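Some notes on the structure that comes next.
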Amino acid sequence: MAEITGKKIRLVGAWLIGLYLARMYVRAGWMKFDPNGFWTTPFVEWGFPVWFRWLVGAVELIGGALLVLPWFASWAAVAVGLVMLGAITIRLAGGWFIDAAWIAVYLAGLGWIATEWWSYRWRPSRRTLLRETGP
């Protein structure tokens, strides 16, 4: 029988948090593509162009989906985490401190996912890199 180690427990925990955050970010990202949706007005009020709302939506949608795949979870957590740093900045500038605190909690979860899955992240092999760039 396989031994249950602390690392395995942490990975399962990170994967479960990844499932929760994946659902949340995929839904939030999808909503940013709706021109009459909830997020259209805030992005306009914050002074951002439409393409920026779409970019944030794409990062959340794709990054959220990749949070549950161990090979991509670290990269996805970093990408979505950068978007969340921007979200915290906007909330703090607007005086929405409770929102900023919740986003910080999500950011901590993303940080944990990135850290736990880092050794499993996808990296192109040296052979692939050499083939693409030449000897």
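Bear in mind that the values in this text are calculations on the coordinates, not laboratory data. What you see is a predicted model; the values in this text were computed from it and never measured. All Cβ positions, glycine included, derive from the backbone under ideal geometry; neighbour counts span all protein chains shown.
Observations on the model:
- Cβ-Cβ FRET estimate between Phe52 and Asp99, R0 fixed at 30 Å, reported to 0.05: 0.95
- Label-to-label distance, nm, for residues given as Thr40 and Thr89 (7 Å Cα→Cβ offset): 2.7 nm
- Packing here is the average count of other Cβ atoms within 10 Å per residue, and on that basis the peptides 103-115, 36-48, 67-79, highest first, run 67-79, 103-115, 36-48.
- Whether the chain is rounded, prolate or oblate, judged on the alpha carbon gyration tensor where a/c under 1.5 counts as rounded: oblate
- Contour minus Cα-Cα distance for Trp112 and Val78 (0.36 nm per residue): 11.2 nm
- Between Trp122 and Val12, the FRET efficiency from the beta-carbon distance, with R0 = 25 Å, is close to 0.80.
- The chain - mean residue ellipticity at 222 nm from DSSP helices (-39,500 (n - 2.57) per run, n ≥ 4, rounded to 500): -25500 deg cm²/dmol
- Cut-off 15 Å between beta-carbons: net charge of the residues surrounding Trp75, Lys and Arg +1, Asp and Glu -1: 0
- The chain: DSSP helices with Cα axial extent of at least 20 Å and average Kyte-Doolittle hydropathy no lower than 1.0: 50-66, 70-94, 97-117
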